[in-house]
Each structure stands twice: as structure tokens, then as C-alpha cells.
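Participant: Dropping the structure in here first, questions after.
All of the numbers you see were taken from the coordinates with simple rules; none came from a lab. It should be emphasised that the depicted structure is a prediction, and the values quoted were computed from it without experimental measurement. Positions of Cβ are generated from backbone atoms using ideal geometry, with glycine treated the same way; all protein chains shown enter the neighbour counts.
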Amino acid sequence: MPVEDSRLSGFYKLSVSERREKVAKLSSLSPDEVDALASHGELGEVAADRMIENVIGTMSLPVGVATNFVIDGKAYLIPFCVEESSIVAAASNMAKRCLKMGGFRTNNDNPVMIAQIQILEIEDLSAAKEAILTAKYELMAMCNSLPSTMIRLGGGCKDIEVREIDTMSGPMLVVHLLVDTRDAMGANAVNTMAELVSGKIEEITAGRVHLRILSNLATHRLAKVTAEFTPEELSDDGTRENGSKIIKGILEAHHFAMADPYRATTHNKGIMNAISAIALACGQDWRAIEAGCHAWASVETGSYTSMTRWERNGEGNLVGSIETPMAVGIVGGASKVHPAARANLSILGVESAQELAGIMAAAGIAQNLGAMRALATSGIQAGHMKLHARNMAVSAGAVGEEVEQVARIVNSQSGPVTQQLVKETLEKIRNG
């Protein structure tokens, strides 16, 4: 269920069990959901064996909670499943800096997925295209004749589009079924519809239907989020002057990503640090989401560019926005099979797939800003390596209390934190 306040002061100072207990209380988790989060092997062999083939075991990743998020006036604790340090901290930090201007705002599309039907060996493309569009309502009725909860709740095939494309195999027609999948991601539903109408489409066009499959470039299902940050909130010292300088540096970093695909790739990876981590935590198809987001970053301009847009408004505030495909679901799939995914969705308290999509996109903006602000000020390594020092200590062989000792010592020193420095520090501790 939703939380009343996502600002958890001193949360990072608590032990893992204390954090879990606090989140469980705030989110009203059931005992089974708490147990799923507490279990290091939360996915049992029986459940795992049902999910994929040839199962030999399971593999766990940390789940952390990003705090301070307010989206559309509602507070959220957001679960991230990710192995990289500093991601959760950076997102929480930027979300806190957004609170003064009311947090993040969403304006998402309806949850419409695309099923593609490929038609080859057509003698007259124009006539075949016209025939499909003439039969559009008949084809839509066939799609919606399937008994399904999705259609009962107002979803189903809402429109049909037809495209002509030239390929190395010759000219083709491509039919797009536009299907409102409601709170499901919708892959199975749209694939079933595409297969159902393929015979009729062959009859109408006198062509040969080949592929019948959804597209992960869900351009009719965009998550749209905006956020505004004052110079004072982005500053190091609370002053407008310092914050304005930081905004200038952030915009210069953004313009670099807009113009250069080499930079844009790393820039967008930072955005996906949040989006993919939430997708994984909540049992979504994060590969499909990543493919759609990266493809969309090329569609509008014809070259790969930033997924986000940043500008300074008339008040001198920094305004960020994102519009990106977000095919997610809260019914069916791993979101209902994996016990930890169910628990993480309970922490979010989402009531629709569109709400989940907005949360993921908002976190993407926060993550993007955190990375750009770090690059524009102290550099990305300073904060990242400070949090990464514990991992480096473990890699050097530190155990128990040695881990925190090593991390504390190397972080107190000036200069870069290297694996060699960590190793030498561990040896000094052990040698007294």
C-alpha cells in the first residue's frame, strides 16, 4: 500500500533487518512478503523450475529502497534490484532536491501495445493496404472476440495501422494491431490476436503472412514525466549563485549527450540504472524495456541521443523531462510468480501499470540528474568510490568488522581509492 511519507531520515544508518522492518510497517507488508524479502534464496527451486527451462539454481542481487520520492503528490518508497553502489543513494538524493517544487509529475499514454503482422508476396501493395483498412473493424472484432479479462475491463484492439516498407527481401506490408492491454504488459495477448487474424489478412491481401509478433518499441505507450529543481536545491551551499553555476554545468553535460552518441550511450545507461533496477525488482521484462527505451532514443532524430531533455526556465530553475516507451504490467508474468517481486510491488502500492510506468520514468530522471550533477561538480568517482570501498575491501579479502574498518580508513584519505590502497590498508590493520 502507499506510504504517507517517503522521507526516511537516517534510513541508511539502520541495519538491514531494521530497514526491512521499517519498510514493512510503512507499507503494511504481510508476513509472507517480509519473509520473501528476508530470505537470501527467496525464489524456491519449485517456482524457479516453472519460470524457465533447465533450472540448476537461483542467483540473488541486493534490493535497496530509494527514498524521498513524491510523484503526482503521492509519496513512494521505490525498490531497486541492482548490484552497483551509489545508484540508490543518488536517486534518493535527487528526489529530495525535487520536493520543494512538488516532486515529479506524470502524463502517461494509455497502455497500448503493438502487434506486427508481416505480409509478403503482394502483387499490388496499395490495393492490399486499402483492403486491410476497409476490413479494419471486422479484423478488430475478430481480435476482441477472445474471452479475456483485459477486454472485459475495457482493453482490446483499438485500431489498426498499415505500413509499406522496402527490405532486402523486397517490398512488404506491415500491419500494426494497436491493443490496449490494461494492467498487463500484454505480450501474450497481442501475439494471440496477431495469430488469430493472420488467415483473414492473407485472404484479404492475397499475400503471405510470415511473422506475427509484438513490437517492443511501444511508441503508443510512452511514460511522460517532468520535474523542476531550483538553483538553491541543487547547490552545494544553499545559494542561488552556486546552484546556477551547477545548472550551467548540468546543461553543458546534457548538450554533450544530445549531440554525441558515444556520450549518449553512457548518459542513457545512467537513466536505465534506475529504470532497469525497478523493473527487475518488480518482475518486469527489463530486456524489453531497455530495448524499447534505447530504440526510442534514435527514432525522433534519426541518430542516437539523450532519453531525457533538460532546460532552464524563466525562473532560472532546471526542468527535466522524459518520454520513453514503458511496457510494464502488474498482473501476470514474473510479477505474480516471484515472491520478492510481489513484495516489492506491495512496497510501491501501485494500482495500475501506468502508475508503475510513471514511477520508473521518474526514477530515471532522478538518476540522470544525479549522474550529471556529480560529473558537473566533484566528478562521478568521488561519491561512487566512497560507497564502493566496502566492495573493494571484500575483494581484497576483508571479513567481518575489517570491511567497515578498511572502508572508513581509505575514504578518510585524500586521493583516489584504488584496489592497491585497499589491499595495503587491510594488511596494516592485520599487522597492527
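Participant: In a GNM of the chain with a 10 Å cut-off on Cα contacts, which of V399, V88, V162 has the highest mean-square fluctuation?
Facilitator: Residue with maximal mean-square fluctuation among V399, V88, V162: V399.
Participant: Also: On a full-extension model of 0.36 nm per residue, what is the gain between S298 and L251, subtracting their alpha-carbon distance, rounded to one decimal in nm?
Facilitator: Value of the extension gain: 14.9 nm.
Participant: Just to confirm the number: angle between the C-alpha axis of helix 419-430 and the first principal axis of the chain, 0 to 90 degrees, nearest 10?
Facilitator: It works out to around 40 degrees.
Participant: May I pose another question? Roughly how many debye, to the nearest 20, is the charge dipole of the chain about its Cα centre, given +1 on each Lys and Arg Cβ, -1 on each Asp and Glu Cβ, and no other charges?
Facilitator: Approximately 1100 debye in magnitude.
Participant: Explain nothing, just the number: relative contact order of the chain, from Cα pairs under 8 Å at least 6 residues apart, as a whole percent.
Facilitator: 19 percent
Participant: With a sphere of radius 13 Å drawn around the Cβ of L426, what net charge do the other residues whose Cβ falls strictly inside it have (Lys, Arg +1; Asp, Glu -1)?
Facilitator: Within the 13 Å Cβ shell, the charges total 0.
Participant: Grab the Cα-Cα distance for E130 and R208, subtract it from 0.36 nm times how many residues apart they are, and report the gain in nm with one decimal.
Facilitator: Here the answer is 26.4 nm.
Participant: A further question follows. Using the count of nearby Cβ atoms within 10 Å as a rough guide to exposure, how do V190, V328, V70 rank from fewest to most? Before the final figure, lay out each step's value.
Facilitator: Details: V190 26, V328 34, V70 20.
With the sparsest Cβ surroundings first, the list reads V70, V190, V328.
Participant: Express in whole angstrom the spacing between the alpha-carbon centres of the range 248-302 and the range 1-17.
Facilitator: 28 Å
Participant: I need the shape label for the range 276-332. Rule: rounded when a/c is under 1.5, else prolate if a/b > b/c, else oblate, with a, b, c from the alpha carbon gyration tensor.
Facilitator: It is oblate, given that a/c is not under 1.5 and a/b is not larger than b/c.
Participant: Further, regarding this structure: For the chain, set up a Gaussian network in which alpha carbons nearer than 10 Å are linked by springs, and say which option among R152, R342, R390 fluctuates the most.
Facilitator: Of R152, R342, R390, the most mobile in the Gaussian network model is R152.
Participant: Report the calculated FRET efficiency for E18 and M258 (r = Cβ-Cβ distance, R0 = 35 Å), to the nearest 0.05. Please list the in-between numbers first.
Facilitator: Values: r = 43 Å, r/R0 = 1.23.
Efficiency for this residue pair is about 0.20.
Participant: Could you work out how far apart the two model spin labels at L120 and E315 are, taking each label as a point 7 Å from the Cα in the direction of the beta carbon, and quote it in nm?
Facilitator: Result for the modelled spin labels: 5.7 nm.
Participant: Next question. Would you please give the residues with an amide H less than 5 Å from that of A66, counting only those at least 5 places away or on a separate chain, with H modeled from the backbone geometry?
Facilitator: So A66 has HN proximity to I78, F80.
Participant: Quick check: convex hull over the Cα atoms of the chain, volume per residue in Å³, rounded to an integer?
Facilitator: For the chain, the hull spanned by Cα atoms encloses 182 Å³ per residue.
Participant: Next question, about the same structure. Averaged over all directions, how much area does the convex hull of the C-alpha atoms of the range 122-231 cover when projected, in nm²?
Facilitator: On the way: hull surface 39.6 nm².
Computing the convex hull of the Cα atoms and averaging its projections yields 9.9 nm².
Participant: While we're looking at this one, here's another question. Apply the Karplus curve 6.51 cos²θ - 1.76 cosθ + 1.60, θ = phi - 60°, to the phi angles in the range 126-131 and return the couplings in whole Hz, x for Gly and Pro.
Facilitator: 5, 5, 5, 4, 5, 5
Participant: Loop by DSSP (not H, G, I, E, B), at most 15 other beta-carbon atoms within 10 Å: where is the longest site-free stretch of the chain for GluC sites (Glu not before Pro)?
Facilitator: 124-299
Participant: Per residue of the range 239-244, in order, report the coupling 6.51 cos²θ - 1.76 cosθ + 1.60 (Karplus, θ = phi - 60°) as ³J(HN,Hα) in whole Hz, putting x for Gly and Pro.
Facilitator: Listing the rounded values in order: 9, 5, 4, 5, x, 5 Hz.
Participant: Same structure, new question: Which of these, S198, S86, S145, has the largest mean-square fluctuation under a Gaussian network model of the chain (Cα springs below 10 Å)?
Facilitator: In this elastic network of the chain, the residue with the biggest mean-square fluctuation among S198, S86, S145 is S145.
Participant: Which order do S27, S9, S235 fall in if you start with the one that has the fewest other Cβ atoms within 10 Å?
Facilitator: S9, S235, S27
Participant: How far apart, in nm, are the 7 Å Cα→Cβ label points at T239 and S60?
Facilitator: Taking the two extended label points, one gets 4.8 nm.
Participant: Still on this model: If each of N191 and E401 carries a label point 7 Å out from its Cα toward its Cβ, how far apart are those two points in nm?
Facilitator: So the label points at N191 and E401 sit 5.5 nm apart.
Participant: Then there is this: May I ask for the angle, rounded to the nearest 10°, between helix 16-27 and the longest principal axis of the chain, with both axes built from Cα atoms and the value confined to 0 to 90°?
Facilitator: 50 degrees
Participant: Then there is this: Taking Cα atoms, how many degrees apart are the long axis of helix 380-395 and the longest axis of the chain, rounded to 10 and kept between 0 and 90?
Facilitator: 80 degrees
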